[in-house]
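Trainee: I'd like to ask some things about the structure below.
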Amino acid sequence: MLNYYQTVNISTAAGYIADTSIFVIYTGGTIGMDYDKEGKHLKPFDFQQIIDKVPELRRFEFELTLLSFDKPIDSSDIKVHQWLNIARVVYDFYNDYDAFVILHGTDTMAYTASALSFLFDNLAKPVILTGAQLPIGVPRTDARENFITALEIAATKRKNGLPMVPEVCIFFDTLLLRGNRARKVQSNNFTAFASENLPPLAVTGIEISYNESLILPHPEERFDIFSKMDENVGLLKIFPGISQKYLEHFLSTPDLRGIVMETYGSGNTPTDDWFIGALKEAVDSGIHILNVSQCNGGAVVPGMYESGRRLQEIGVISGGDITPEAAITKMMFLLGNEPDPQLIREQLGISLRGEMSLR
């Protein structure tokens, strides 16, 4: 955990008393990169100088405070303990601010958003993750637009004064997506994220158009966080030609407690006796197996085909239309916090934070 926090107040148009306060957490990623003095190499820039890069911030009527991690994290290096650190920072400042914006690298942003959605219990304020495909220091960067719009969304309130979006989201390009429904789908254009199984919570243009019927309800209970995740999970992607030796080696991973299995189409796998038998042996030994589709859209439909029926019979759990990113983090979350194996099975198959369609 972080032992202390160094924060910076950003000078905006808001006076001493602002209607809305937003806490910005810079974890790392392309959004915070700039060229060195020679203009040859990219390096992290000092976020205390953010107003020079995004002068539009001066026009905002809300209070902005920034916390920058001492050592920026390349998102490909993100670890479970860093998810717990981010969750803890939000918890520690939760009562002091109205909303939170997290600046993060794009490669693992969907994993982080999913993990945070499970770690937060009764979240009643916006937590918006955003980033950029191009560094903030280049002329055509998308960083400024993404950052500015994420702040506007975080500050938006309903007519009753409650936050418009009391959940963990990703904002990128023109789309506000539920964090645990999003996936990175592009590396070479600005529309980097998509949510095939849930429409955007908002679309930006001249105005920001919210799909309020899809946004999670405002909770009444007290906000809290969970502080544990179990890393003893694995991702098994089914492919033509997968061998018995490969599968058995994977299933014999020491201390393995949970598997997210990416299957074909609506949840199909090979039907060889050795394949089904190996999975059954794993389930019988106490390993939880969650079946998710390799397709970006659609869902696992248990029993639609013979292979799906056999998986259901041996105790493989259907993940419905959950994304692999949400499935992995949900598995880590449940294994870390729920001691009852039967409750783990039940909760893997239902929606906890809007990560699956209700069924």
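Quick note: the coordinates plus some simple rules give every number you see, no bench work behind them. Worth saying up front: this structure is predicted, and the values here are computed from it rather than measured. Don't worry about glycine lacking a Cβ; one is built from the backbone with ideal geometry, like all the others, and counts go over all protein chains shown.
Trainee: Could you work out how far apart the two model spin labels at L162 and R144 are, taking each label as a point 7 Å from the Cα in the direction of the beta carbon, and quote it in nm?
Mentor: It works out to 3.7 nm between the two label points.
Trainee: For the stretch 233-348, what relative contact order do you get, as a whole percent, if you take Cα pairs closer than 8 Å and at least 6 residues apart? Don't skip to the end; give the middle numbers.
Mentor: Numbers: 182 pairs, mean separation 30.6, N = 116.
Relative contact order here is 26 percent.
Trainee: Could you give the length gained by full extension between K245 and D284, i.e. 0.36 nm per residue of separation minus their alpha carbon distance, to one decimal place?
Mentor: The span from K245 to D284 would gain 12.1 nm if fully extended.
Trainee: Using Cα pairs closer than 8 Å and at least 6 residues apart in sequence, work out the relative contact order for the stretch 7-225, in percent.
Mentor: Computed value for the stretch 7-225: 21 percent relative contact order.
Trainee: Rounded to whole Å and ordered largest first, report the semi-axes of the equivalent ellipsoid of the stretch 233-348 derived from its Cα gyration tensor (root of 5λ).
Mentor: Each semi-axis is √(5λ); the values are 19, 17, 13 Å.
Trainee: Further question on the same structure: As a check on your grasp of the helix formula, calculate [θ] at 222 nm for the chain: sum -39500 (n - 2.57) over DSSP H runs of n ≥ 4, divide by the residue count, round to the nearest 500. The partial results should precede the final answer.
Mentor: Values: 9 runs with 92 residues, N = 359.
Using -39500 (n - 2.57) per qualifying helix, the result is -7500 deg cm²/dmol.
Trainee: Where in the stretch 217-258 does the amide nitrogen come within less than 16 Å of the point 7 Å from the Cα of K79, taken along Cα to Cβ?
Mentor: Backbone N within reach: 228-233.
Trainee: Under the Kirkwood approximation applied to all pairs of distinct alpha-carbon atoms, what is the hydrodynamic radius of the stretch 149-263 in Å?
Mentor: Values: mean 1/r = 0.0567 Å⁻¹.
One decimal place: 17.6 Å for the Kirkwood radius.
Trainee: Among the listed pairs K71/K330; K157/K330; K53/K237; K157/K237, which are separated by more than 32 Å between their Cα atoms?
Mentor: In this structure, K53/K237; K157/K237 lie more than 32 Å apart at Cα.
Trainee: Going by average Cβ neighbours within 10 Å, how do the peptides 172-181, 349-358 rank, with the highest at the top?
Mentor: 172-181, 349-358
Trainee: If you place +1 on the Cβ of every Lys and Arg, -1 on the Cβ of every Asp and Glu, and leave all else neutral, what size is the dipole of the stretch 7-225 about its Cα centre, to the nearest 20 Debye?
Mentor: 300 debye
Trainee: While we're on this one: Would you mind checking the tilt of helix 324-337 against the longest principal axis of the Cα atoms of the chain, expressed as 0 to 90 degrees and rounded to 10?
Mentor: 80 degrees
Trainee: Once phi is turned into θ = phi - 60°, what whole-Hz ³J(HN,Hα) does the Karplus curve with 6.51, -1.76 and 1.60 give for every residue of the stretch 108-113, x standing for Gly and Pro?
Mentor: 10, 4, 5, 5, 5, 4
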